[in-house]
Amino acid sequence: MQQRMYIQLIGLSGLLKTPSIKIRRVLCLANANSYDAEQDAFIINGIPCRITLENVAHITGMPCHGKKHVPSNLDDNMELWKKLKDRKDTKITFKGLLAKMKVDSTPNFVRQFVLYTIGKYVCQT
């Protein structure tokens with residue numbers, strides 16, 4: 001399938017092997033609230049614990065090094081938002097992204113996949 005090939009090309013094929021799990025929102029919120037931006041660490045039992053990119057790569061199987069991010073201009077961002085937003089809403093939704101992913105086998109599928117994955121696994125709260 002084309003979609004799997006695109007996911008492999010961007011180095012996120014490890015996500016295809018992720019088992020379905022239920023992540024508790026309360027736990028995600030507690031983790032987010034334990035982060036101290038000044039120390040760039042999570043505070044666990046009063047002890048600052050830093051998590052490196054390599055830690056994340058080891059845990060998730062996702063790449064932690066790659067090309068530097070080059071920000072796009074506002075017009076490009078607005079056009080992308082118009083393409084990705086839910087037709088029945090004024091925002092990008094999980095339901096809308098999932099519907100678009102199911103019918104898209106072009107390279108644009110990657111944008112939908114990455115946004116859906118971030119929302120589903122990284123930023124649930």
key: Selected residue (criterion: surrounded by the fewest Cβ atoms within 10 Å (Cβ to Cβ)) from residues of segment 10-26 that are under 13 Å from residue 113 (Cα atoms) and free of Cβ contacts under 8 Å to residues at least 40 places away in the same chain   = 16
query = Are any of the residues in segment 36-47 in contact with a Lys or Arg (Cβ under 8 Å, 6 or more places away or on another chain), free of Cβ contacts under 8 Å to residues at least 60 places away in the same chain and loosely packed, with under 11 Cβ neighbours inside 10 Å?
reply = yes
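Pick from 86, 75, 36: which is of a type in the set (Asp, Glu), on the phi < 0 side of the Ramachandran plot and in contact with a helix residue (DSSP H, G or I) (Cβ under 6 Å, 6 or more places away or on another chain)? Step through it out loud before you land on a result.
Values: 75 fails: in contact with a helix residue (DSSP H, G or I) (Cβ under 6 Å, 6 or more places away or on another chain); 36 fails: in contact with a helix residue (DSSP H, G or I) (Cβ under 6 Å, 6 or more places away or on another chain).
It is 86.
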ask   = Which residue pairs have Cβ atoms closer than 8 Å, lie 6 or more positions apart in sequence or on different chains, and pair a first residue in segment 76-99 that is under 12 Å from residue 111 (Cβ atoms) and in contact (Cβ under 8 Å) with a residue 12 or more places away in the chain with a second residue that is part of a helix (DSSP H, G or I) and among the aromatic types (Phe, Trp, Tyr)?
value = 92/81; 97/116
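None of the figures in this text is laboratory data; all of them are computed from the coordinates on show. Because the structure is a prediction, the values reported are computed rather than measured. Please note: Cβ atoms are built from the backbone with ideal geometry, for glycine as well, and neighbour counts cover all protein chains shown.
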